[in-house]
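S.K.: Quick one: this structure, given as structure tokens, is what I'll be asking you about.
The values are calculated or read from the model by the stated rules, or taken from the named source; none is laboratory data. This structure is a prediction, so every number in the text was calculated from the model and none was measured. Cβ placement follows ideal geometry from the backbone for every residue including glycine, while neighbour counts extend to all protein chains displayed.
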There are 4 protein chains.
Amino acid sequence: MPEPQLLEQLVEQARPLLGRGKVADYIPALAKISGNKLGIAVTTPDGVTIGAGDYLEPFSIQSISKVFSLTLALTLYEEPEIWDRVGKEPSGHSFNSLVQVELERGIPRNPFINAGALVIADLLQGRLSAPKHRMLELVRNLSGNPQICYDKEVARSEYEHSARNAAIAYLMKSFGNFDNDVDTVLRSYFHYCALRMSCADLSRAMMYLANKGQSLAGKQLISPVQARQLNALLATSGLYDGAGEFAYKVGMPGKSGVGGGIIAVIPGDMSVCVWSPELDLQGNSVAGTAILEGLSQSLGRSIF
Amino acid sequence: MPEPQLLEQLVEQARPLLGRGKVADYIPALAKISGNKLGIAVTTPDGVTIGAGDYLEPFSIQSISKVFSLTLALTLYEEPEIWDRVGKEPSGHSFNSLVQVELERGIPRNPFINAGALVIADLLQGRLSAPKHRMLELVRNLSGNPQICYDKEVARSEYEHSARNAAIAYLMKSFGNFDNDVDTVLRSYFHYCALRMSCADLSRAMMYLANKGQSLAGKQLISPVQARQLNALLATSGLYDGAGEFAYKVGMPGKSGVGGGIIAVIPGDMSVCVWSPELDLQGNSVAGTAILEGLSQSLGRSIF
Amino acid sequence: MPEPQLLEQLVEQARPLLGRGKVADYIPALAKISGNKLGIAVTTPDGVTIGAGDYLEPFSIQSISKVFSLTLALTLYEEPEIWDRVGKEPSGHSFNSLVQVELERGIPRNPFINAGALVIADLLQGRLSAPKHRMLELVRNLSGNPQICYDKEVARSEYEHSARNAAIAYLMKSFGNFDNDVDTVLRSYFHYCALRMSCADLSRAMMYLANKGQSLAGKQLISPVQARQLNALLATSGLYDGAGEFAYKVGMPGKSGVGGGIIAVIPGDMSVCVWSPELDLQGNSVAGTAILEGLSQSLGRSIF
Amino acid sequence: MPEPQLLEQLVEQARPLLGRGKVADYIPALAKISGNKLGIAVTTPDGVTIGAGDYLEPFSIQSISKVFSLTLALTLYEEPEIWDRVGKEPSGHSFNSLVQVELERGIPRNPFINAGALVIADLLQGRLSAPKHRMLELVRNLSGNPQICYDKEVARSEYEHSARNAAIAYLMKSFGNFDNDVDTVLRSYFHYCALRMSCADLSRAMMYLANKGQSLAGKQLISPVQARQLNALLATSGLYDGAGEFAYKVGMPGKSGVGGGIIAVIPGDMSVCVWSPELDLQGNSVAGTAILEGLSQSLGRSIF
């Protein structure tokens, strides 16, 4: 466990980076967030969470939700039912590209690009009567925070700008890789993205990745092998088109969201969440990445 | 350190897979290798090497040489001189694709696809008077085996089938990302690929990746941070278009070659080399991958 | 004007080709058409129509409707309002590809690929209160046949298999190049495709292309310059990915549909329609193309 | 035949466009040409040539040579020997793209993009002992001007910047679609491009396209059918990625070069050449296109 002072120090070292990136502005509800936010929380397997900066302030988790939805799918389906419909390889393309989905005949490269996450959302829709409710329950249980809720304004705003994701879903449907009504799945999907959680919530919720599939509350959510596999997928595909650079600099499996959050884990050791809304060109938090890089260097810890 | 019996057992368990893949046949010199070969060697930081199967028989290391050439470049250049000319991201395309090189204006995605390795070979050519000699010296020193040599027939055969690699090199030259004479660099590059080493040689030579940059002979080849970074690159881009699946199943940074070899490391713990010439559709050894997967499961060890 | 015997002869010469192509089967309503149909009709500016084979039997005109919808748009909009939203260049890609639409940021290459025709349908929707009614009126007037109607079963069947076209429309919407409700426009678009017309109907309706924009009934539908320009677009982009081969072999501006029809014109001279449902790999009628090639050779006429 | 005054007038009308385009600058030898040049020549089947502006000044014909080399190949090979190795379809990509050549496994889309012209140059090399000499002889005979020669400086300069074309040639070689030594063929190819001819020379040389394959001197160079087919190819693929727009505005089969020349024909009527070195974004002469558009409108003549 890092010292609390270390976290404070990492936050302060990253503060000069504010202004270097750009807050996501493709939907109004996200664009109005202040770019000055900066926070980190670390949770250890014994359940202790420490943090610094704005680590208790909830933010829009956006694509970080793709980790939860894949995890939920793993609890509902046999693995081949999932991996026949979505791959495990890095995409080498922008996260919302249709080119690859067309060239590879409707099979998205991995579950963390939009196309892949939409397939996972389609799977959840196919087996849950109330997927939005079930997802909320999951993240509340995992983080131990019953206050977590959806930001309805963000969900609605995303839905109003959903043409690109609708195009991806219909393209997969044209290849036979989308079962449910596109509109219904999109509404669920945008709700998952619109979850509001703090760094503390997320670092606690992600502990199962660092602790062989076991949640903080002691529940075996997925098997140890699955937890290991999920970390492998995050390491190769968790940061859009910046996964290689992130592995190179930070050396932890991680997942970012355009809300500026990034979660990362050191298996056996800790789960971490950083937040700062300004993004780089790949869509990853500038200051957040820097804090994680500093943490990795300070602790001399990485998976490599 | 795994028990020697475990290695024997893993080799025997993988033997039924022989016949499931296809020996590389794009050059005659490789096509004539027997597909029945099967071997593994493991080396620990204390210098002990154990093995099973055909682990002492030299084979053509092919793309595994890209790890050595990048390492050699790291000893000759400042990092920005390298990373301004080649990226760190997974490619999402076949290893010898020109599409991405054209779309990304001459900058290859990473140093382990052919385009990237050619840039590295160009860098070596630019700063070494006798790069082939220097490379041979390097791998002899790293493995402690002065018998290692180039397979001249393989090198010549590759050169005679070099049109695709020539196209890649000229394309990069057209974007200003290739300095030396294409023909000269290709000849060096094919020599590196034509190194003949055994599993034992390779597992010993790669120890610096598992031991913070320090070779078996105690030489600090690259810094601990660089060794960590190299492992990160291998984890995201080391297995062509199968890096995600390999991370998912094996969970170690690794690099494969079309000669059927795969090297992998568990940092701090061991370096491994497996060999079996039959390849899957991504160009990775079928039985070799299975042996590594078995090793990872048996030891309960992976980086994730 | 060709002799009637010539048309008979061309039909008989093409008959041995039956069996060489494949009836479109992507929707059940089209798949059930007999592949044995074969017909040609030729109309001259003086209003005489002659034909051979099944030239009086109505068939599904499919993409030939794209000529009518573009023509209708030309009567409703200023040219820049159209050409700012759709290009004039051959696509070099399959007719229903999303790749190019994504790479060129939502602007389809030309009005005869699906993406372009959907933009045109969106334009019609934007300015007509009853576009389907207006289109029907147009083709009835142009051909002088008040019996022409929509095949409701085909339109419904297309709608039920509309995922690919929905994906294209949403993709353009995501780039701001689609104004109306996607579902509404798709329903109109599929109706246009589901028009049932005979070779005689089509050769008569297309006379305005051969006669400087003037219909058989003497109405100046579009200007002479526009008619010339429309022919130019048909010559470069009218036959999907087979436009070059068609120009090479037949040498007339033309437009094909997956129902097996092809219209073609020799400006100043004649408008032609052939029909035979079996298609080649590019989606163009095998026997239909052969009949047109024979006609061009027999008359020694082509635009080149 | 247009009146000489008309040509003068068209040149003056186009003069205000000077400054709107950009002289090709990828090789120094071309970049130093004055952008102010402007000329047109028209030749009729009876052998009369009239002109205006700088129509007697020789310039670098560049890609216009691709028409001559294809024609020469047609006199040396059976058609399938040519069309098995190069297609007849518009490319939909930039003229020097490798993407399409890779995706379509080494078969260029048409003989007028660089890849296709290199295949044609490879064919010429395969059957002629002195292809450069033979080409020079051909254009001298066709134009009736024995003074025409190669600009050795341009040829050398192109060769020194040949990396992109070398990449294309090697890529085709890797697919088995390039027989001769790449370097030798490139040298020939750059010579063809470096021919210096005036508008008068080119309009006279291209008469065979307008006159059923017969040259001004009365020689049947290619058959009437081949002349018609060549015109069809020019109409669909002669102006790089601007063929559709050119057909739309000018309505004649044509071929442009980055030296600023454009040739065009009205079959049966006339062959034309315009020249003005400033190019648009597609690489076609800005003022040259405008002059041809004016000519087409003034004469009320086009093939459509």
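S.K.: Against the definition (touching a Gly at 6+ places or on another chain (Cβ under 7 Å) and among the charged types (D, E, K, R)), how does D:Glu89 come out, yes or no?
M.R.: On the way: touching a Gly at 6+ places or on another chain (Cβ under 7 Å): yes; among the charged types (D, E, K, R): yes.
Taking the combined requirement at face value, the residue satisfies it.
S.K.: I'm trying to understand the selection: among the residues of region C:138-174, which are part of a helix (DSSP H, G or I) and of a type in the set (D, E, K, R)?
M.R.: Residues of region C:138-174 that are part of a helix (DSSP H, G or I), as a first pass: C:138-143, C:152-160, C:163-174.
The answer is C:Arg140, C:Lys152, C:Glu153, C:Arg156, C:Glu158, C:Glu160, C:Arg164, C:Lys173.
S.K.: Here's a follow-up. Taking the stated definitions as given, is A:Ile64 at pLDDT 95 or above, of a type outside the set (Lys, Arg) and closer than 30 Å to A:Pro131 by Cα?
M.R.: Values: at pLDDT 95 or above: yes; of a type outside the set (Lys, Arg): yes; closer than 30 Å to A:Pro131 by Cα: yes.
The answer is yes for A:Ile64.
S.K.: Would you please name the residue that is farthest from the chain's Cα centre (by Cα), looking only at residues in region C:105-125 that are more than 14 Å from chain D (Cβ to nearest Cβ) and farther than 18 Å from C:Leu72 by Cβ? Show your work before the answer.
M.R.: Just the residues of region C:105-125 that are more than 14 Å from chain D (Cβ to nearest Cβ), to begin with: C:105-106, C:114, C:117-125.
Adding the requirement that they be farther than 18 Å from C:Leu72 by Cβ leaves C:105-106.
Details: C:Arg105: 26, C:Gly106: 23 Å.
Step by step, filter region C:105-125, then rank; the result is C:Arg105.
S.K.: If you don't mind, another one. Return only the number of the condition from (1) under 22 Å from C:Arg20 (Cβ atoms); (2) among the charged types (D, E, K, R); (3) more than 9 Å from chain D (Cβ to nearest Cβ); (4) out of contact with any Leu (no Cβ under 7 Å at 6 or more places or on another chain) that C:Glu278 does not satisfy.
M.R.: Failed condition: (4).
S.K.: Among the residues that make up region B:179-200, is at least one of them acidic (Asp, Glu) and either crowded, with 24+ Cβ neighbours inside 10 Å or in contact with a Leu (Cβ under 6 Å, 6 or more places away or on another chain) (or both)?
M.R.: Narrowing region B:179-200 to residues acidic (Asp, Glu): B:179, B:181, B:183.
This time we only want the ones that are either crowded, with 24+ Cβ neighbours inside 10 Å or in contact with a Leu (Cβ under 6 Å, 6 or more places away or on another chain) (or both), so: none.
Looking for residues that are acidic (Asp, Glu) and either crowded, with 24+ Cβ neighbours inside 10 Å or in contact with a Leu (Cβ under 6 Å, 6 or more places away or on another chain) (or both), one finds none in region B:179-200, hence no.
S.K.: I would also like to ask the following. Select from region A:75-92 the residues that are within 13 Å of another protein chain (Cβ to nearest Cβ) and of a type in the set (A, V, I, L, M, F, W, C) and write down the one among them that is surrounded by the most Cβ atoms within 10 Å (Cβ to Cβ).
M.R.: The first filter runs over region A:75-92 and keeps only residues within 13 Å of another protein chain (Cβ to nearest Cβ), leaving A:79, A:82-83, A:86-92.
Now narrow it down to the ones that are of a type in the set (A, V, I, L, M, F, W, C): A:82-83, A:86.
Details: A:Ile82: 17, A:Trp83: 15, A:Val86: 24.
Here the answer is A:Val86.
S.K.: Looking at region C:87-123 only, could you name the residues that are within 14 Å of C:Leu239 (Cβ to Cβ) and of a type in the set (Asp, Glu)?
M.R.: Residues satisfying the conditions do not exist here.
S.K.: Okay, moving on. A:Gly176 fails exactly one of the following numbered conditions: (1) more than 18 Å from A:Ala29 (Cα to Cα); (2) under 19 Å from the mean Cα position of the chain (by Cα). What is the number of that condition?
M.R.: (2)
S.K.: A further question on this structure: Quick check, is B:Cys149 at pLDDT 95 or above, under 17 Å from the mean Cα position of the chain (by Cα) and surrounded by 24 or more Cβ atoms within 10 Å (Cβ to Cβ)? Give the derivation first.
M.R.: Details: at pLDDT 95 or above: yes; under 17 Å from the mean Cα position of the chain (by Cα): yes; surrounded by 24 or more Cβ atoms within 10 Å (Cβ to Cβ): no.
When the stated conditions are applied, B:Cys149 does not pass them.
S.K.: Filter region D:156-172 down to residues that are in contact (Cβ under 8 Å) with a residue 12 or more places away in the chain and facing chain B (nearest Cβ under 7 Å) and give me whichever is surrounded by the fewest Cβ atoms within 10 Å (Cβ to Cβ).
M.R.: D:Arg164
S.K.: For C:Ala31, state whether it is within 21 Å of the chain's Cα centre (by Cα) and either crowded, with 17+ Cβ neighbours inside 10 Å or without any contact (Cβ under 8 Å) to a residue 40 or more places away in the chain (or both). Please lay out each step first, then the result.
M.R.: Working: within 21 Å of the chain's Cα centre (by Cα): yes; either crowded, with 17+ Cβ neighbours inside 10 Å or without any contact (Cβ under 8 Å) to a residue 40 or more places away in the chain (or both): yes.
Criteria met by C:Ala31.
S.K.: Which one is nearest to the chain's Cα centre (by Cα) among residues in region B:257-269 that are within 14 Å of chain A (Cβ to nearest Cβ) and touching a residue at least 40 places away in the same chain (Cβ under 8 Å)?
M.R.: B:Val265
S.K.: Further question: Checking the conditions here, which among D:Glu245, D:Glu158 is out of contact with any Ser or Thr (no Cβ under 9 Å at 6 or more places or on another chain) and over 24 Å from D:Thr75 (Cα atoms)?
M.R.: Result: D:Glu158 is the single residue among D:Glu245, D:Glu158 that is out of contact with any Ser or Thr (no Cβ under 9 Å at 6 or more places or on another chain) and over 24 Å from D:Thr75 (Cα atoms).
S.K.: Scanning for something surrounded by fewer than 18 Cβ atoms within 10 Å (Cβ to Cβ) and either without any contact (Cβ under 8 Å) to a residue 40 or more places away in the chain or within 20 Å of B:Ser256 (Cβ to Cβ) (or both), does region B:38-52 turn up at least one residue?
M.R.: yes
S.K.: Consider region B:279-304. How many of its residues are small (Gly, Ala, Ser) and within 25 Å of A:Gly268 (Cα to Cα)?
M.R.: So in region B:279-304, the residues small (Gly, Ala, Ser) come out as B:283, B:285, B:287-288, B:290, B:294, B:296, B:298, B:300, B:302.
From what is left, the residues that are within 25 Å of A:Gly268 (Cα to Cα) are B:294, B:296, B:298, B:300, B:302.
Selection size over region B:279-304: 5.
S.K.: Which ones in region C:281-294 are within 14 Å of another protein chain (Cβ to nearest Cβ) and in contact (Cβ under 8 Å) with a residue 12 or more places away in the chain?
M.R.: Scanning region C:281-294 gives C:Gln282, C:Gly283, C:Asn284, C:Thr289, C:Leu292, C:Glu293, C:Gly294.
S.K.: Given region C:23-137, what helices (runs of 4 or more DSSP H) lie entirely inside it while holding 3 or more residues that are closer than 18 Å to C:Asn177 by Cβ and of a type outside the set (Gly, Ala, Ser)?
M.R.: Numbers: elements: C:28-31, C:65-76, C:79-83, C:99-103, C:114-127.
Here the list reads C:65-76, C:79-83, C:99-103, C:114-127.
S.K.: Ok, one more. Kindly establish whether C:Gly254 is crowded, with 24+ Cβ neighbours inside 10 Å and either closer than 30 Å to D:Pro224 by Cα or more than 8 Å from chain D (Cβ to nearest Cβ) (or both). Please lay out each step first, then the result.
M.R.: Numbers: crowded, with 24+ Cβ neighbours inside 10 Å: yes; either closer than 30 Å to D:Pro224 by Cα or more than 8 Å from chain D (Cβ to nearest Cβ) (or both): yes.
Spelling it out, C:Gly254 is indeed crowded, with 24+ Cβ neighbours inside 10 Å and either closer than 30 Å to D:Pro224 by Cα or more than 8 Å from chain D (Cβ to nearest Cβ) (or both).
S.K.: May I pose another question? Tally up the residues in region A:1-22 that are over 14 Å from A:Leu295 (Cα atoms) and outside any helix (DSSP H, G or I), please. Even if it seems obvious, please write down each step before you answer.
M.R.: Here is the first cut: in region A:1-22, the residues over 14 Å from A:Leu295 (Cα atoms) are A:15-22.
When the remaining residues are screened for being outside any helix (DSSP H, G or I), the result is A:18-22.
Of the residues in region A:1-22, 5 are over 14 Å from A:Leu295 (Cα atoms) and outside any helix (DSSP H, G or I).
S.K.: For region C:7-14, indicate whether the set of residues that are under 27 Å from D:Thr236 (Cβ atoms) and surrounded by fewer than 20 Cβ atoms within 10 Å (Cβ to Cβ) is non-empty.
M.R.: So far as region C:7-14 goes, yes, one or more of its residues are under 27 Å from D:Thr236 (Cβ atoms) and surrounded by fewer than 20 Cβ atoms within 10 Å (Cβ to Cβ).
S.K.: Looking only at region C:287-304, how many residues end up being buried (at least 22 other Cβ atoms within 10 Å of the Cβ), hydrophobic (A, V, I, L, M, F, W, C), out of contact with any Leu (no Cβ under 7 Å at 6 or more places or on another chain) and in a helix (DSSP H, G or I)?
M.R.: Residues that pass the stated criteria total 1.
S.K.: Among the candidates D:Gly283, D:Gly218, which residue alone is within 16 Å of the chain's Cα centre (by Cα), surrounded by fewer than 24 Cβ atoms within 10 Å (Cβ to Cβ) and not in a strand (DSSP E or B)?
M.R.: Details: D:Gly218 fails: within 16 Å of the chain's Cα centre (by Cα).
Result: D:Gly283 is the single residue among D:Gly283, D:Gly218 that is within 16 Å of the chain's Cα centre (by Cα), surrounded by fewer than 24 Cβ atoms within 10 Å (Cβ to Cβ) and not in a strand (DSSP E or B).
S.K.: Specify which of the listed residues (C:Gln226, C:Gln214) is within 12 Å of chain D (Cβ to nearest Cβ) and over 22 Å from C:Val11 (Cβ atoms). Can you show your working first?
M.R.: Working: C:Gln214 fails: within 12 Å of chain D (Cβ to nearest Cβ).
It is C:Gln226.
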